[in-house]
Amino acid sequence: MPRQHITSRKIAEHVQRLGELYPPIPLDSVDRTISRPHLVAERYGHVIDYLARVELEVDRNVLELLVLLPDVDDTNKTFYADVWHPQEIQHGLILDRLQQDLGRAPATPQLDVSFRIKVLGTLAGLKPIQDIARLLYFLTGASTERQAVLAYNRINNGMKRLGETAISETIIKPIKQQEPGHFAFYQMSATAMIQDKILRPWQLFLARVLRERTYHLVGTNARDTYKADLGAVIADLGVDADLEGFAREVGRVESRLLWAHRHGLDFPPYILTALRECVDLYRERLSRRLAVTT
Ligand SMILES: [Fe+2]
Ligand SMILES: [Fe+2]
């Protein structure tokens, strides 16, 4: 637990600062020079496809937020309406154009709110349930934004290695600069809820059970095909060499906030399980394809 107390004022100031520091990236600020499109597509095509889709799904994320948390406060409203959504949608549009510049198909984001979220939304009409949903929403935000930060760092290094300076300097770097602020918002918001003891023990217990049962990695939308796609991204970015290290990075916030009583727990096991499932589904897909072609 950090020593500094996180007040709602501090969170509001953070949101205001993000809005001032990082206006949405204009499409025409991008230098569309690609030195070796075939090579970039071969190495990172799938990764760009995946990220473009996930960034464009921010439209659905906002709808989910409104279903789950109908009573969000002004700071949350300002964050998603004035900062987060406008920034993420530009990330999506810029990456979607890049993937098409690389000769790949445009992204097909999934924009329907799932049945599961709608059911949860009905329950969230009850205040004690809404507080649980709010904590889970912040934890999900922290986890997915952290995954984004780690992925963009790796892609940026890859683009630099390939000598694709325009992609690195005018696409990945500006996007990469905006993700840590999102992470910080969710991290601060979740921490404040725990520090202020908003949840009673039974609510925290339920939050842990739900988190374990419903945890999903960024953009997998509870579908095996997306999980296999993410497995491909994990392999392309070399994350599979140290899945535990990645789980530790991604799970740090929830280890501290939800599982502090389990001493010595490096990261919640469900994160590593989810990562392994993606890698396994990707490998199965590869071997099925090999079986067809041989
Ligand atoms: Fe983003
Ligand atoms: Fe983000």
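Just wondering, is there one or more residues in segment 88-101 that are over 16 Å from the mean Cα position of the chain (by Cα) and of a type in the set (S, T, N, Q)?
yes
Would you please name the residue that is most open to solvent (accessible area, probe 1.4 Å), looking only at residues in segment 168-177 that are within 16 Å of ligand 1 (Cβ to nearest atom) and not polar (S, T, N, Q)?
Lys173
Conditions first: (1) without any contact (Cβ under 8 Å) to a residue 40 or more places away in the chain; (2) in a helix (DSSP H, G or I). Gln4 passes all but one, so which condition is the exception?
So Gln4 meets the others, but not (2).
Select from segment 143-167 the residues that are more than 13 Å from ligand 1 (Cβ to nearest atom) and among the basic types (Lys, Arg) and write down the one among them that is farthest from the chain's Cα centre (by Cα).
Arg161
If you take the residues of segment 38-93 that are within 15 Å of ligand 2 (Cβ to nearest atom) and small (Gly, Ala, Ser), which of them is nearest to Lys10 (Cα to Cα)?
Ala81
Enumerate the pairs (first residue in segment 178-207 and on the phi < 0 side of the Ramachandran plot and open to solvent by 30 Å² or more (accessible area, probe 1.4 Å); second residue anywhere and part of a helix (DSSP H, G or I) and within 16 Å of ligand 1 (Cβ to nearest atom)) with beta-carbon separation below 7 Å, excluding pairs fewer than 6 apart on the same chain, so at least 6 apart or on different chains.
Pro180/Val149; Phe183/Ala142; Phe183/Glu145; Phe183/Arg146; Phe183/Val149; Gln187/Ala142
Which of the residues spanning segment 39-53 are open to solvent by 80 Å² or more (accessible area, probe 1.4 Å) and touching a residue at least 24 places away in the same chain (Cβ under 8 Å)?
Arg43, His46
Go through segment 222-232 and report how many residues are surrounded by fewer than 18 Cβ atoms within 10 Å (Cβ to Cβ) and not β-branched (Val, Ile, Thr).
3
The values are calculated or read from the model by the stated rules, or taken from the named source; none is laboratory data. Note that the coordinates shown come from a computational prediction; the quantities given were computed from them, not determined experimentally. All Cβ positions, glycine included, derive from the backbone under ideal geometry; neighbour counts span all protein chains shown. Protein only, heavy atoms only, side chains kept; ligands, DNA and RNA dropped before computing areas. Shrake-Rupley method; radii C 1.70, N 1.55, O 1.52, S 1.80 Å.
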